[in-house]
Protein chains: 2
Amino acid sequence: MTVISIPADSLFGVDNLPYGVFSTADAGPRVGVRVGDSVVDLAKALGDDTFAQPTLNAFMAQGRDRWVEVRAQITALVAGEIADDAVFAVDDVTMHLPIAVADYVDFYASENHATNLGRLFRPDSAALMPNWKHLPVGYHGRSSTVVVSGTDIVRPCGQRKAPADAAPSFGPSIRLDIEAEMGFIVGVGSPMGSSITPDQFAEHCFGAVILNDWSARDIQAWEYVPLGPNLGKSFATSISAWVVPLLALEAARIDTPVQDPTPLPYLQGDEKWGLDIDLEVEWNGDVVSRPPYAQMYWSPAQMLAHTTVNGAAASTGDLFGSGTISGPDKAQRGAFIELTWGGAEPVEVAGEQRTFIQDGDEISISATAPGADGGRIGFGEVRARILPATGDAR
Amino acid sequence: MTVISIPADSLFGVDNLPYGVFSTADAGPRVGVRVGDSVVDLAKALGDDTFAQPTLNAFMAQGRDRWVEVRAQITALVAGEIADDAVFAVDDVTMHLPIAVADYVDFYASENHATNLGRLFRPDSAALMPNWKHLPVGYHGRSSTVVVSGTDIVRPCGQRKAPADAAPSFGPSIRLDIEAEMGFIVGVGSPMGSSITPDQFAEHCFGAVILNDWSARDIQAWEYVPLGPNLGKSFATSISAWVVPLLALEAARIDTPVQDPTPLPYLQGDEKWGLDIDLEVEWNGDVVSRPPYAQMYWSPAQMLAHTTVNGAAASTGDLFGSGTISGPDKAQRGAFIELTWGGAEPVEVAGEQRTFIQDGDEISISATAPGADGGRIGFGEVRARILPATGDAR
């Protein structure tokens, strides 16, 4: 039997207990929980086949009472001894995409980001569109290209036309960028014809991950009118491997910034669902930005309420991204297009002047939040290396 | 044993053989093929468990050689006698959504439609955006709200703001509309990092359906800048129950209209994938429009090539819509917002003057194409009734 020892400064104490899907040399993907630097095989440790599956979906679909119950079981479990064959060192396991993604929606909920992007993409218009403070603007993305942290990202090819070009051309994106976001995962859906109110958020949302919404700005800028981003985003979206349960985020809950004008009643609630999460963006090992989730204008509860208010179904495994997280300061901007102001103001990365992502670059976004008793909990990281484009020149 | 008799004027002769998923009083959803006014239970008739499933996905994933082989098997089968318990009258079965929808993308491939919508949504700008003739513009939609013909559609509620309104309001959509489209279904996907050329279309696309992209124009007009349609579309998309195999559309293949400027090489191919399909839109039993698919600017082969050219994965069950089909004549417009010019020019429907859809209305879109030997084949129909909004007033 094993007693798990949790380092004093661990971001994965018993106030966190994030879920993931892992495999080992001798057994395929199944659900585990992270405790300190260990991963506990839940099917083995709890004797419950719900966890002997390659995604969290079956467990997520069981609902909040069950999420509370299992969290209590795990808390009791890690306070005692666990069978040796149910415990692995986190460095000895391979992590997999933790969920089967149903619908994926990406929002645009940071006022600073929306303002910056508006200035960069539409210099002759008002930075913020008239609808922005009335509803959480979002669009559907490609579910099949959501990948787990650690997956290499191949530079996409596509069609682009800079304003000075006479005609569009095809080739590898030359303005490849990140968007540092948080992602939220629906555990319990809602049928077509119904909707989820902001105060019902905790009954439906299972947990949160870090999300990197890779963006090819040259492709996006040319394609996005009038129906929104498509190829500039659809090649890949990365999420962190550990899903932090909403139940672990109680100490992180705060008010959103003041929403003025007051949103319509369907976007109002009594529960606080602003979240005090601090992100950190590393580019080739240098921290280049510290985006503050606390300043996001729209809460994830408002995003889910908006998504379903027209009667659209929500499903177990739905994923929605917050949109790029940018604070008011330059060093808080969550996309390189903002950080370098469209490439005009390079930043120093490991001794070099950089604007957009080069082949071989490695990007890692990490996040932490307040935990119990004044400590902190971690979301781990979403990390990827950029590989050269493989498409032919066409 | 039964010999299936096919009426002489049937749109479901042996040159069609569309697949669907049906259930009967005594057995749940499984795959069938339509022949005349009969449905043949393929698991029973062919003794193949691939068809004893509630979606076509497993069969579609087997690839084109297998699609050809099964089509030949069915052709031989219906020429002879079939076991009585494998044949049902089409009126005695219930049809279900034929596929498990993976990613859903909707295009915008009719020049007449894009021009009309541009004039209506952006009267002060050029009707066609600068990118429109260079790439098939499209966006991702909501997979979980794709429903089969016959499913009632509940009028969506949402946020909208007419230009003259001081502030947005919430309530049932008052500009509920259709979009008459064709939908294309991916049978064999492509992994992340690869792409599908236009000339590889027939290896990947399994077949086609009629698609109604329900659209709440008031919600859409307020929300769609800058990231595209979301709630104005995500409440429901209807498809016809019978998937016409691409193999049945050989006689329908034509050139697209001349594409000027010449598209970039990745959108070029030697194969013709324009399709000579005639649609008909019925509103409460009156034919109000006859959209001609033959005039669509971009072919479905170009749409799939564009979708994957950035390395985005394609999956079995991916569905993509053509976008509204509108011809140059008023009586060929595939959306009511065009047909009534934003509601300014009502049309007569069953003796009443109408603009947008009213509660209780029934909309049916049917389609036919050239078949073998100068005959025609049918896609059946996509039909739905509109129910009143159920959301509270909030």
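The values are calculated or read from the model by the stated rules, or taken from the named source; none is laboratory data. A quick note: this is a predicted structure, and the numbers were derived from the prediction, not measured. Neighbour counts are summed over all protein chains in view; Cβ atoms, including those assigned to glycine, are modelled from backbone coordinates with ideal geometry.
Answer yes or no as to whether residue A:324 is in contact (Cβ under 8 Å) with a residue 24 or more places away in the chain, buried (at least 24 other Cβ atoms within 10 Å of the Cβ), not in a loop (DSSP other than H, G, I, E, B) and not hydrophobic (A, V, I, L, M, F, W, C). Show your work before the answer.
Numbers: in contact (Cβ under 8 Å) with a residue 24 or more places away in the chain: yes; buried (at least 24 other Cβ atoms within 10 Å of the Cβ): yes; not in a loop (DSSP other than H, G, I, E, B): no; not hydrophobic (A, V, I, L, M, F, W, C): yes.
Taking the combined requirement at face value, the residue does not satisfy it.
Filter segment B:252-291 down to the residues that are of a type in the set (A, V, I, L, M, F, W, C) and either over 23 Å from residue B:239 (Cα atoms) or in a strand (DSSP E or B) (or both) and list them by number. Those that are of a type in the set (A, V, I, L, M, F, W, C) and either over 23 Å from residue B:239 (Cα atoms) or in a strand (DSSP E or B) (or both): B:254, B:258, B:264, B:267, B:275, B:279, B:281, B:283, B:287, B:288.
Screening residue A:360 with (1) part of a loop (DSSP other than H, G, I, E, B); (2) under 27 Å from residue A:139 (Cα atoms) gives one miss only, at (2).
The C-beta contact set for segment A:166-177 (first residue farther than 21 Å from residue A:120 by Cβ, second residue of a type in the set (Phe, Trp, Tyr), distance under 9 angstrom, 6+ apart or interchain) comprises A:170/B:266. For residue A:29, are the conditions met, namely being surrounded by fewer than 19 Cβ atoms within 10 Å (Cβ to Cβ), assigned by TED's automatic domain parsing to the domain that holds residue A:79 and not small (Gly, Ala, Ser)? Considered against the rule, which asks whether it is surrounded by fewer than 19 Cβ atoms within 10 Å (Cβ to Cβ), assigned by TED's automatic domain parsing to the domain that holds residue A:79 and not small (Gly, Ala, Ser), residue A:29 comes out as no.
Among B:331, B:344, B:294, which is the only one that is of a type in the set (A, V, I, L, M), more than 27 Å from residue B:61 (Cβ to Cβ), more than 14 Å from chain A (Cβ to nearest Cβ) and part of a loop (DSSP other than H, G, I, E, B)?
Values: B:331 fails: part of a loop (DSSP other than H, G, I, E, B); B:294 fails: part of a loop (DSSP other than H, G, I, E, B).
Step by step, each of B:331, B:344, B:294 is checked, and only B:344 is of a type in the set (A, V, I, L, M), more than 27 Å from residue B:61 (Cβ to Cβ), more than 14 Å from chain A (Cβ to nearest Cβ) and part of a loop (DSSP other than H, G, I, E, B).
Scan segment A:314-355 for residues that are over 21 Å from the mean Cα position of the chain (by Cα) and within 24 Å of residue A:237 (Cβ to Cβ) and the total you get is 7. Against the numbered list (1) surrounded by fewer than 22 Cβ atoms within 10 Å (Cβ to Cβ); (2) out of contact with any helix residue (DSSP H, G or I) (no Cβ under 7 Å at 6 or more places or on another chain); (3) among the small types (Gly, Ala, Ser), residue B:180 comes up short only at (1).
With respect to residue B:225, is the statement that it is over 23 Å from the mean Cα position of the chain (by Cα) and within 30 Å of residue A:265 (Cβ to Cβ) true? Full working, then the answer.
On the way: over 23 Å from the mean Cα position of the chain (by Cα): yes; within 30 Å of residue A:265 (Cβ to Cβ): yes.
Judged against the criteria, residue B:225 is a match.
Being within 23 Å of residue B:165 (Cβ to Cβ) and either more than 8 Å from chain B (Cβ to nearest Cβ) or within 24 Å of the chain's Cα centre (by Cα) (or both), is that true of even one residue in segment A:141-162? There is no residue in segment A:141-162 that is within 23 Å of residue B:165 (Cβ to Cβ) and either more than 8 Å from chain B (Cβ to nearest Cβ) or within 24 Å of the chain's Cα centre (by Cα) (or both). Residues of segment A:225-250 that are closer than 17 Å to residue A:178 by Cα and within 11 Å of chain B (Cβ to nearest Cβ): A:229, A:230, A:231, A:232, A:233, A:234, A:235, A:236, A:237. Look at segment B:129-151: where a residue is under 13 Å from residue A:192 (Cα atoms) and a partner is in a loop (DSSP other than H, G, I, E, B) and β-branched (Val, Ile, Thr), sitting 6+ places away or on another chain with Cβ atoms under 6 Å, you get B:143/B:101; B:146/B:101.
Can you go through B:220, B:302 and tell me which one is in a helix (DSSP H, G or I), within 11 Å of chain A (Cβ to nearest Cβ) and either in contact with a helix residue (DSSP H, G or I) (Cβ under 8 Å, 6 or more places away or on another chain) or among the polar types (S, T, N, Q) (or both)?
On the way: B:302 fails: within 11 Å of chain A (Cβ to nearest Cβ).
Testing whether each residue is in a helix (DSSP H, G or I), within 11 Å of chain A (Cβ to nearest Cβ) and either in contact with a helix residue (DSSP H, G or I) (Cβ under 8 Å, 6 or more places away or on another chain) or among the polar types (S, T, N, Q) (or both) leaves just B:220.
Any residue at all in segment B:187-194 that is away from chain A (no Cβ under 12 Å), touching a Ser or Thr at 6+ places or on another chain (Cβ under 9 Å) and of a type in the set (A, V, I, L, M, F, W, C)?
Quick first cut of segment B:187-194, residues away from chain A (no Cβ under 12 Å) only: B:187-188.
Applying the additional criterion that residues be touching a Ser or Thr at 6+ places or on another chain (Cβ under 9 Å) yields B:187-188.
Applying the additional criterion that residues be of a type in the set (A, V, I, L, M, F, W, C) yields B:188.
The answer is yes; a qualifying residue exists.
Scanning segment A:85-103 for residues being touching a Gly at 6+ places or on another chain (Cβ under 8 Å), within 12 Å of another protein chain (Cβ to nearest Cβ) and surrounded by 20 or more Cβ atoms within 10 Å (Cβ to Cβ) gives a total of 2. For residue A:101, the conditions (1) modelled with pLDDT under 95; (2) over 20 Å from residue A:217 (Cα atoms) all hold with the exception of (1).
Taking the stated definitions as given, is residue B:173 more than 9 Å from every other protein chain (Cβ to nearest Cβ), hydroxyl-bearing (Ser, Thr, Tyr) and crowded, with 24+ Cβ neighbours inside 10 Å? Step through it out loud before you land on a result.
On the way: more than 9 Å from every other protein chain (Cβ to nearest Cβ): no; hydroxyl-bearing (Ser, Thr, Tyr): yes; crowded, with 24+ Cβ neighbours inside 10 Å: yes.
Judged against the criteria, residue B:173 is not a match.
Of a type in the set (A, V, I, L, M, F, W, C) and buried (at least 22 other Cβ atoms within 10 Å of the Cβ) - does that describe any residue in segment B:120-134?
Quick first cut of segment B:120-134, residues of a type in the set (A, V, I, L, M, F, W, C) only: B:120-121, B:126-129, B:132.
Of the ones still in play, those that are also buried (at least 22 other Cβ atoms within 10 Å of the Cβ) are none.
Scanning segment B:120-134 turns up no residue that is of a type in the set (A, V, I, L, M, F, W, C) and buried (at least 22 other Cβ atoms within 10 Å of the Cβ).
Sub-6 Å Cβ pairs linking a first residue in segment A:305-317 that is in the same structural domain as residue A:209 (by TED's automatic domain parsing) and under 11 Å from residue B:158 (Cβ atoms) to a second residue that is charged (D, E, K, R) and assigned to a loop (DSSP other than H, G, I, E, B), at least 6 apart or interchain, are A:312/B:142, ordered by first then second residue.
Conditions (1) of a type in the set (Phe, Trp, Tyr); (2) more than 7 Å from every other protein chain (Cβ to nearest Cβ); (3) more than 17 Å from the chain's Cα centre (by Cα), marked per residue:
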| residue | (1), (2), (3) |
| --- | --- |
| B:105 | no, yes, no |
| B:113 | no, yes, no |
| B:118 | no, yes, yes |
| B:130 | no, yes, yes |
| B:139 | yes, no, no |
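One residue alone among A:302, A:295 is touching a Pro at 6+ places or on another chain (Cβ under 7 Å), assigned by TED's automatic domain parsing to the domain that holds residue A:346 and closer than 30 Å to residue B:152 by Cβ, and that residue is A:302. Across segment B:301-310, not a single residue is classified as closer than 17 Å to residue B:209 by Cα and within 13 Å of the chain's Cα centre (by Cα).
Scanning segment B:116-156 for residues that are hydroxyl-bearing (Ser, Thr, Tyr) and either touching a Pro at 6+ places or on another chain (Cβ under 9 Å) or modelled with pLDDT of 95 or more (or both) gives B:139, B:143, B:144, B:145, B:149, B:151.
Tallying residues that are modelled with pLDDT of 95 or more and closer than 29 Å to residue B:275 by Cα within segment B:358-374 yields 10. Selection of segment A:272-290 for residues being farther than 12 Å from residue A:336 by Cβ and either touching a residue at least 60 places away in the same chain (Cβ under 8 Å) or buried (at least 19 other Cβ atoms within 10 Å of the Cβ) (or both) yields A:273, A:274, A:275, A:276, A:277, A:278, A:279, A:280, A:282, A:284, A:285, A:286.
The combined condition, being of a type in the set (Gly, Ala, Ser) and at positive phi, is fulfilled by residue A:47.
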